[in-house]
Amino acid sequence: MTIAQQVVQTDPTGIFHAADSTAAVEARAPGYRAAVLVSEAFKQNGSVLRLTPFRPKALYLSFYGIGSAAIRGAALRVMHEAGLNALVIDIKGDRGLIAYRTGIRLAQKVGAQRVITIPDLPALLRSLHQ
């Protein structure tokens, strides 16, 4: 759990103590969706923040698959139709190629930038989130 950008551990029952009672409370745990409550909402909710269980159901796209608009579009349609909720993206291929432009000199030196399948990673991620 995070309060005012400081990590706070809960006890085994989920109870915690924090010095800053005015900050937002953010909680995350394996197998659950992350949740955030601002201080007032947290207090009004009886100081309880319930996490929603989350079971990922994913589709995988390879280094080349994510770079192809046709394959990516087909995969997103399958995800929508099948009710999937996650997409696994291989951004470093089996042969060490990195799918997006990086400023890491070593990647350029060893040839990991020979093939770029994701020309604009931030734009791709924004579109996938939508």
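The values are calculated or read from the model by the stated rules, or taken from the named source; none is laboratory data. All values reported here derive from a predicted model rather than from experimental measurement. Using ideal geometry, Cβ is built from the backbone for each residue, glycine included, and neighbour counts are taken over all protein chains shown.
Values as computed for the structure displayed
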{"read-out": "Any hit, region 66-73, residues being under 26 Å from ARG33 (Cα atoms), of a type outside the set (Lys, Arg) and touching a residue at least 24 places away in the same chain (Cβ under 8 Å)", "value": "yes"}
{"read-out": "All positions within region 73-126 that are part of a helix (DSSP H, G or I) and touching a helix residue (DSSP H, G or I) at 6+ places or on another chain (Cβ under 9 Å)", "value": "LEU76, LEU124"}
{"read-out": "Checking VAL88 against (1) at pLDDT 90 or above; (2) over 30 Å from GLN5 (Cα atoms), the condition it does not meet", "value": "(2)"}
{"read-out": "Pair list, Cβ under 9 Å, 6 or more apart: region 94-112 residue in contact (Cβ under 8 Å) with a residue 12 or more places away in the chain and in the same structural domain as GLY65 (by TED's automatic domain parsing), other residue basic (Lys, Arg) and not in a loop (DSSP other than H, G, I, E, B)", "value": "ILE98/LYS92; ALA99/LYS92; ALA112/LYS92"}
{"read-out": "Candidate set: region 1-31, residues that are among the hydroxyl-bearing types (Ser, Thr, Tyr) and touching a Lys or Arg at 6+ places or on another chain (Cβ under 9 Å); chosen: the one modelled with the lowest pLDDT", "value": "SER21"}
